[in-house]
Amino acid sequence: MDFWFYIFGSVLLIPMVMIFSGRMTWRHYPKQINALMGYRTTRSTKNEDTWKFANQYSGHLYEKIGWTTMLASILVLLMLLRSSKTVISNVSTVICVLQCICLLLPILPTEKALKNHFKEDGTPREPENNPK
């Protein structure tokens, strides 16, 4: 049972980091474009507007994905409560690999949102006026 608690805590580290970093990036993004912190891509570092938008957008996604992966991980681990150490080890390894993949998920939607909201030079796109 001690082993299960150890694995339980270990498996929840990645989602907790995602939740914390997502909230911090979403609500308290770095005010200046820098090379150390924040959502840094070519498109997001065009100017202050793209920087703010990308950090808030990706931070929000990171927090949502963090909560989702945490809840899914807890549910799976609860099902393994009485399993052998081998089963718990193997399943927790798969969970951690999937969580690492989830770390990359916000990149594509954030880049798409940046492309939809900003032109290539970083200036905001005009809202489309579609007469109905």
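The values are calculated or read from the model by the stated rules, or taken from the named source; none is laboratory data. Everything quoted here is computed from the prediction, not taken from an experiment. Glycine gets a Cβ as well: all are built from the backbone with ideal geometry, and neighbour counts include every protein chain shown. The accessibility values were calculated without ligands, DNA or RNA, using every heavy atom of the protein model including side chains. Shrake-Rupley method; radii C 1.70, N 1.55, O 1.52, S 1.80 Å.
Given +1 at the Cβ of Lys and Arg, -1 at the Cβ of Asp and Glu and no other charges, the dipole of the chain around its Cα centre is 80 debye to the nearest 20. Largest accessible area first, the listed residues MET79, MET18, MET1, MET70 line up as MET79, MET1, MET70, MET18 when surface is computed with a 1.4 Å probe on the assembled protein chains. Based on Cα contacts under 8 Å between residues 6+ apart, region 34-132 shows a relative contact order of 37 percent. These residues, TYR6, TYR62, go from largest to smallest accessible area, 1.4 Å probe, as TYR6, TYR62.
Relative to the dominant Cα principal axis of the chain, helix 107-117 is inclined by about 20°. The loop-placed GluC sites (Glu not before Pro) in region 60-132, going by DSSP, that have at most 15 neighbouring Cβ atoms within 10 Å of their Cβ come out as GLU120, GLU128. In the list (1) 12, 34, 24, 17, 9, 3, 0; (2) 12, 42, 33, 10, 3, 0; (3) 9, 21, 19, 15, 18, 12, 5, 1, the label attached to P(r) over Cα pairs in 10 Å bins from 0, in percent as derived from the coordinates here is (1).
Taking 18 Å as the straight-line reach from the Cα of LYS46, the lysines in range (excluding those fewer than 8 positions away in the same chain) are LYS31, LYS112, LYS115, LYS119. To the nearest 10, the accessible area of ILE33 is 60 Å² with a 1.4 Å probe. Partners of LYS52 within straight-line reach, counting aspartates and glutamates whose Cα lies under 17 Å from its Cα and excluding those fewer than 8 residues away in the same chain: GLU63, GLU111, GLU120, ASP121.
Using a probe of 1.4 Å on the protein chains alone, the accessible area found for PHE118 is around 20 Å².
Taking other residues whose beta carbon is less than 14 angstrom from the beta carbon of MET1, and scoring Lys, Arg as +1 and Asp, Glu as -1, yields +1.
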